Amino acid sequence: MLGFLSSRQTGLDDPLRLRRAESTRRVLSLQLNPDRDVDRIHGNGVNSLDIDVVEGRYMLSGGADGVIVVYDLENFTGKPQYTCKAICTVGRSNRHVHKFSVESVQWYPYDTGMFVSSSFDKTMKIWDTETLKPAEVFQFETNVYSHHLSPIARKHSLIAEEQSVGEREERGEKKEERESHNNSL
């Protein structure tokens, strides 16, 4: 580390080299917390996680199997080691489950009574947490890779969603309509 700093100060190295080296060091030093675990519900990989900002207590997970799980992160045992329990699941037996991989899940920023999911089944669903039924389903012509709720919109709900530019080009959409959405949202 000191070698990178002195090389940077003398102008021998690009400043980005130190940044990359430090980022790499931090990534390689990441470890799982040995005291905390979560119930294993997903049959395949997990694509998206979101912890609610209201209480910091509930976590959503969206999986490659199309399943959505809500976990309670609260430790009621008082012991340092515990497993976060799944409190509800939109599983394969639920008729509202996504047909393909869930790519993104997000809590509504002001209330844990609602969350949004987007999927490769070309839908984005707004869910009622109490009933685990979609309050609204938006159907798209292409896969929905991600979405994001505005954290500052209080008088209206603004959701940005991302679709593949290549798929839209194959359908012949006008370039002018696409240009503002070429970059990640």
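The values are calculated or read from the model by the stated rules, or taken from the named source; none is laboratory data. Fair warning: this is a prediction, and the values are worked out from it, not measured in the lab. All Cβ positions, even for glycine, are placed from backbone atoms using ideal geometry, and neighbour counts span all protein chains on display.
Filtered by the rule that a residue be surrounded by 11 or more Cβ atoms within 10 Å (Cβ to Cβ) and either at pLDDT 90 or above or not assigned by TED's automatic domain parsing to the domain that holds Trp107 (or both), region 43-54 gives Val46, Asn47, Ser48, Leu49, Asp50, Ile51, Asp52, Val53.
Scanning region 100-147 for residues being closer than 24 Å to Asp72 by Cβ and assigned to a loop (DSSP other than H, G, I, E, B) gives a total of 10. The numbered conditions (1) more than 30 Å from Pro151 (Cα to Cα); (2) part of a helix (DSSP H, G or I) are all true for Gly43 except (2). Pairs meeting the criteria (first residue in region 14-30 and over 10 Å from Phe4 (Cβ atoms) and part of a helix (DSSP H, G or I), second residue modelled with pLDDT under 85 and aliphatic (A, V, I, L, M), beta carbons under 6 Å, at least 6 apart or on different chains) are lacking.
For region 51-59, the criterion of being part of a strand (DSSP E or B) and touching a residue at least 60 places away in the same chain (Cβ under 8 Å) is met by none of the residues.
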